[in-house]
1. Need a quick list: helices (runs of 4 or more DSSP H) entirely within region 150-250 having at least 2 residues that are of a type in the set (Asp, Glu).
2. Report, ordered by the first and then the second residue, all pairs with beta carbons closer than 7 Å, sequence separation of six or more or different chains, a first member in region 10-30 that is within 14 Å of Leu100 (Cβ to Cβ) and part of a strand (DSSP E or B), and a second member that is among the β-branched types (Val, Ile, Thr) and open to solvent by less than 70 Å² (accessible area, probe 1.4 Å).
3. Go through Leu171, Leu195 for me and flag whichever is buried (at least 18 other Cβ atoms within 10 Å of the Cβ) and aliphatic (A, V, I, L, M).
4. Would you please name the residue that is nearest to Arg115 (Cα to Cα), looking only at residues in region 186-202 that are more than 19 Å from the chain's Cα centre (by Cα) and modelled with pLDDT of 95 or more?
5. Please tell me if Ile92 is assigned to a loop (DSSP other than H, G, I, E, B), touching a residue at least 24 places away in the same chain (Cβ under 8 Å) and open to solvent by less than 10 Å² (accessible area, probe 1.4 Å).
6. Suppose the filter is open to solvent by less than 10 Å² (accessible area, probe 1.4 Å), within 26 Å of Gly193 (Cβ to Cβ) and either at pLDDT 95 or above or of a type in the set (Phe, Trp, Tyr) (or both); does Asp47 pass it?
7. Could you check Glu228 against (1) surrounded by 14 or more Cβ atoms within 10 Å (Cβ to Cβ); (2) among the acidic types (Asp, Glu); (3) on the phi > 0 side of the Ramachandran plot and say which number it fails?
8. Show the residue pairs meeting these rules: Cβ distance below 9 Å; 6+ apart or different chains; first residue within region 219-246 and among the small types (Gly, Ala, Ser); second residue open to solvent by less than 50 Å² (accessible area, probe 1.4 Å) and part of a strand (DSSP E or B).
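The values are calculated or read from the model by the stated rules, or taken from the named source; none is laboratory data. Values in this document were obtained by computation on a predicted structure and should not be read as measured data. Cβ placement follows ideal geometry from the backbone for every residue including glycine, while neighbour counts extend to all protein chains displayed. Just the protein is used for accessible areas: all its heavy atoms, side chains included, with ligands, DNA and RNA removed. Shrake-Rupley method; radii C 1.70, N 1.55, O 1.52, S 1.80 Å.
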Amino acid sequence: SLTYAVTPADYGLNYEEVSIKTSDNLNLKGWLFKPTEVSYKMIILSDNGEGNMADLIEVATNFVSLGYNVLTYDYRGFGQSDAFNINPEFYIYTQFALDLNAAIDYVSKYHSKCRTVCLYGQGLGASLSLAIGATRCSEISKIIADSPYSTLDDVQKAIKTTTGKEIKLPLGFDKNQLEPKFALEAKGASLNGILIIYGKNDPVYNGDMVKKISGIRGGITKTYMVKEADHTSTFSTDKEGYFREIKAFL
């Protein structure tokens with residue numbers, strides 16, 4: 001979605017608008033939220049690719065209340081980031097990985113005092129956070145992944161089985177950038193923790209999908225199943241419980 005239903009300004013939040021340059025020279029729109037006390041912790045939030053970063057404002061404020069600086073950003077083709085042709089039949093674009101990498105680069109360049117950098121994502125943003133976070137684990141401390149997929153083949157099959165819909169996938173991509181299963185097998189040894197959240201009632205991002213990734217770095221991985229929820233309602237079903245788990249994890 002290109003328009004923001006609300007902005008942080010509507011809520012009177014302490015934030016600034018930022019511009020993030022990608023390696024292929026696009027500009028992404030970002031919002032940087034700041035806690036009241038000076039903090040050297042940062043968390044980068046990645047959206048599920050269904051709306052835009054306005055959907056993450058409430059989640060962002062919860063991380064701010066935990067003492068984090070929070071960066072939300074929009075993938076190319078979303079919100080006020082540079083235009084990019086999005087075909088709704090495609091589940092994900094390889095370029096979204098460039099966008100999250102650019103957000104991490106932005107933080108290391110302009111907020112180099114932040115010693116602790118964590119990632120949080122929903123849906124495909126959760127999967128990108130796991131894959132890229134593992135690949136860049138020397139810079140990333142912890143990852144929170146809400147409703148991730150394990151591999152693109154898995155998610156394509158699961159969506160076909162549950163909805164009958166045939167989604168298109170990118171070709172010739174780097175598995176370590178887009179697929180949590182491969183990235184975590186190859187990298188991620190120095191991560192401090194992974195929290196995977198999923199809804200018990202979700203037909204696609206379900207316990208089986210989570211099992212495929214949670215065991216790879218089993219020693220540092222926790223899972224949190226939200227009863228009565230699917231991937232659209234993991235947070236809204238029990239907001240207090242959701243952030244209680246996250247606070248305990250962080």
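1. Ranges flagged: 152-163, 239-249.
2. Within 7 Å, the pairs are Leu28/Ile20; Leu28/Thr22; Gly30/Val18; Gly30/Ile20; Gly30/Thr72.
3. After applying the criteria, what remains is Leu195.
4. The qualifying residue nearest to Arg115 (Cα to Cα) is Ala186.
5. Yes: the conditions hold for Ile92.
6. Details: open to solvent by less than 10 Å² (accessible area, probe 1.4 Å): yes; within 26 Å of Gly193 (Cβ to Cβ): yes; either at pLDDT 95 or above or of a type in the set (Phe, Trp, Tyr) (or both): yes.
Yes, satisfied.
7. Result: Glu228 passes all but (1).
8. Qualifying pairs under 9 Å: Ala229/Tyr198; Ala229/Gly199; Ser233/Gly199; Ser233/Val226; Gly241/Tyr224; Gly241/Val226.
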